[in-house]
Structure formats: C-alpha cells, structure tokens
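Reading through the structure tokens given below for one structure.
The values are calculated or read from the model by the stated rules, or taken from the named source; none is laboratory data. In this text the structure is predicted, and so the values were computed from the model without any measurement. Note: ideal-geometry Cβ built from the backbone for every residue, glycine included; neighbour counts use all protein chains shown.
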C-alpha cells in the first residue's frame, strides 16, 4: 500500500506539473499573439512624431502608422483599410455616419503654430494678432511692412517684401484648428471662408501635410505658414508670437498649452468627445493661454476583431509613460477630466 500510495502521489504530481506546463505554454502563446499582433493606423501628421516615439516604447514594431493627414486618416478608417485613424479635427456628422460606428477618443494635446520666414527677423521676434493673421490669409495684408504689422512690432526692421501665405493642400486637422481660430477672431473670415479641414483659400500657395508647409516656409523668404509645433523644432522654423484674448503675446509651450486646456471641465465634455480650446477668453486664469492649442483624436471602430489590442494600446497611450515621453515634442499631458472621458469611450469598444 505505501508503495502504491507513493506511486499515486507521484503520478498526481506529474499530471499536475504537465497541466501547469500546458497552461503556461497556452498563456505564453496568448501573450505572444497579443504582443505580435500588428495595429495599422493612419491620419494626422501632427501625431506622426508622437506616434513615432510611442512605437519605440510599445511592444516593438506592433504599431505601424502613416501620417497621411487627418482627412486621409478619416477616409482610411471609414474604409477599414487601417485598424485606427487619427485626426486633429473631430468627426463631422456625415464623417461619423460614414465611419459606421466609430468612437473618437482624445489621446494627445498640442498646438498649431504660425511660422514665418522674414529676412532680418529672428525667431520669436515677430508679433501677430488673430485679426492680422486673418487679414494676411484673406489676401488683404500683402506686405511685411504693412502698417498693421508695423504697429504691432515697433522698432522691428520689417522689410518691404511681399507676403506669401502658405496653407495645407490636403484635408488637414491643422487647417481645421487654424480656421476654427480665425473664425472666432474675424467675422469676415467666418462668413467668407469658414472652418473645416479643407477650405477655399482666398490667397497663398498650398503644401502637402506638415512637412510640405514646413519645407516651403523654410526655403522661401517672405512666407508665413501654420504647422504643428513639433515640426517647428524638427525644421528649425521661426515661430511668431500670437496675441491671446488676455493681451499677452505667447508662444506654444507646455505651460501655455496646458493653460488653454483649462477650458475643459469634466461635465462639459460631450459624449462624442468633441472639444475646442482655441481662443480662450480674457481672464487671469487664461492669461498665458496659447490661442491655437488643440486636442487630437484616435478614431476606432466600436466593434472590431482587434478590440483587445486596440484597447490595450490606446489605454497605454493615455498613461503617464506615453504622455510624458512626448513632452519634448511640445505635447502637453492630457487633463485628468479628458483622460476619464477617453477611458469611458474606450470601454465601449468590443469584438
């Protein structure tokens, strides 16, 4: 009996070990399947530098991203040729309907910025206001020594040089942010041009994506353009100071972007997460707020075979490590209220 009892115990132990081993292999296989699953995304060129950083931190090459512009990203996720889209402009009603059940989730916070190439004027020297910026893009202010610009910049040696406004030629979230701001500060702009990812530009030349606008401004004296702030760093472009509603001429910094994001209150975030923080009002609270700050969105199908992988990636992107990793590109951490709303939307995604 003792011998048989020992044999039984040994047999049971071996069986248990085999079962644990099988479970371990199954778990490892499942983990490898999750980590090796590739997520394909496309859209916002504003987000391209940030996603490039995230790709190096998150599961190796499990995330692929193409910065084709917000308009292209929306079309790609509508057609389901990618697993997620990205846009700096919230979906319109028709875009949302065309996406057949998509969720837009804010996942980063940055800014669009006016950049200039004016001979003799260094970075951060030129001051601009919203109405003057609108006048330039309306084709009404056409020279760098125009009285309207000189009045804002006494003592600055502005040349007698034609202004060439540069705008995006593709469907662009930066264009949406830029025209949203101009529509708030200029009635003429609002009524004649409006706010959208693509508009009928009254003046200037077009460049494809942020890199295209940056290339034209960087190489052509007399130009002014607007690009995502990360591209001003990469392309050594000269930023102009922009006057906010409180009367301060500010640059796009982490502090000025975070100040603008104070506009967000938990109870004010709608179910579709559409948020605008351009042109904060004049007050002590927004004294240093940057007037062209913006949230940017990841767009995910509510029902998708890759629900688990997408939820894991976006949840990680909303976390402290991911948000902190892109500060050097002038992406400010998301406010807690926005993270809470984002996670609530993320929870609705299923397979």
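Just wondering, is there one or more residues in the range 242-258 that are out of contact with any helix residue (DSSP H, G or I) (no Cβ under 9 Å at 6 or more places or on another chain), outside the structural domain of residue 82 (by TED's automatic domain parsing), modelled with pLDDT of 95 or more and crowded, with 22+ Cβ neighbours inside 10 Å? The answer is yes; a qualifying residue exists. When 59, 80 are checked against the criterion of being under 20 Å from residue 303 (Cβ atoms) and in contact (Cβ under 8 Å) with a residue 24 or more places away in the chain, 80 stands alone in meeting it.
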